[in-house]
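The values are calculated or read from the model by the stated rules, or taken from the named source; none is laboratory data. The structure displayed is predicted, hence computed values, not measured ones. Here the Cβ positions follow ideal geometry from the backbone for every residue, glycine too, while neighbour counts run over all protein chains shown. Remember, those area values only see protein heavy atoms, side chains included, never the ligands or the DNA or RNA. Shrake-Rupley method; radii C 1.70, N 1.55, O 1.52, S 1.80 Å.
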Amino acid sequence: MMIKSFTMQLALIAGLLVPAHLAFAAPISIHPDLSIITAIFVDLPSNSLDGNSSRSATASLTVSGATTSATVVGTAATGFPLTGTSAALGDGASFTASTSGSELDALSSLTLNFLLEIKNLSIDKLFEIAFEVGFGLGADAQGGDALALAALGLTGPDANPLIDRFAGADSIYGPPADGVTETTSFLIRIDPGQTLTLTGALDVYGAVNFNESASATDSYSAVANAGIRIAGVSSQTIPVPAPIALFAVAPLLAAFRRRIRQTGQ
């Protein structure tokens, strides 16, 4: 299956995004006035695993070089929600999810939802934060009636998509196998006192007998891997207007009053 050819690529992407592979030896603090809160949730509807199927996932969150993880195996989820406040360059999150099924009426899906809440606590500093993202998506569907999907979406604070990618396979309409791997980056600019939120989701899905024309040999598989990390932070000081002293305003008020009196005479 084509899905197997993505295993190495997904592993490489994951390796590029874990702290041990960063170019610097120790975490570098981003800024005391900058807060980046990450939260990761799992969505496991009660009807999302049926027949001869399986699913699993791992989510990891790195804060100041220390990593915590949460997992999904079948219907059991452990460690969610996963939350933390990023404090150093290289901090971020990584996700893996996979599902597979075979024979009649197999069905499975899994969704990892995540958000990043960015807060600028400064009164006079503008920040630009560079994020790096790497991901790989693969899907495979074999037989007379099977389909599979792996998808990643990331929406910016302006509600516009920063990433919207998927790999889809369909044994009836094609393609029977699909995949994509990519690395990208983007900048977020945040003004003094501002709070911005980014939201995202990693999905895998598969089904056999979707069109009621399957056989016992039909099968599907889907796998997704993604990681996001803070690659750099720059700041710019914005001058705050100085308050006008009362002694500087008083002569102007006196002159204004004299003019009003003269006009009224």
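Before moving on, here are some points about what is shown:
- Of all accessible heavy-atom area on region 36-78, the percent that carbon and sulfur account for (1.4 Å): 52
- Amide H to amide H, with H built 1.01 Å from N, Asp145 comes under 5 Å of Asn209, Ser215, counting only residues 5 or more places away or on other chains.
- Approximate spin-label separation Thr78-Leu104, in nm, with each point projected 7 Å along Cα-to-Cβ: 3.6
- Summed residue charge, Cβ within 15 Å of Arg165's Cβ, Lys/Arg positive, Asp/Glu negative: -4
- Cα shape, region 126-184, gyration tensor, a/c 1.5 rule: prolate
- Computed over neighbours whose Cβ is under 9 Å from that of Ser219, the net charge equals -3, Lys and Arg +1, Asp and Glu -1.
- Protection-proxy order for peptides 42-54, 77-89, 223-235, each taking the mean of Cβ atoms within 10 Å per residue, highest first: 223-235, 77-89, 42-54
- Taking a ≥ b ≥ c as the square roots of the Cα gyration tensor eigenvalues, region 130-238 comes out prolate, since a/c reaches at least 1.5 and a/b is larger than b/c.
- The heavy atoms of Leu115 present about 50 square angstrom of accessible area, all protein chains included, probe 1.4 Å.
- Anisotropy class of region 14-171 from Cα gyration tensor, a/c 1.5 cut: prolate
- Heavy-atom accessible surface of region 36-116, averaged per residue, reaches 40 Å², computed with a 1.4 Å probe.
- Per-residue 3J(HN,Hα) values for region 222-230, derived from phi via the Karplus relation 6.51 cos²θ - 1.76 cosθ + 1.60 with θ = phi - 60°, read 9, 9, 9, 9, 8, x, 9, 9, 7 Hz in sequence order (x marks Gly and Pro).
- Computed lengthening from Ala130 to Asn160, 0.36 nm per intervening residue step minus Cα-Cα distance: 9.1 nm
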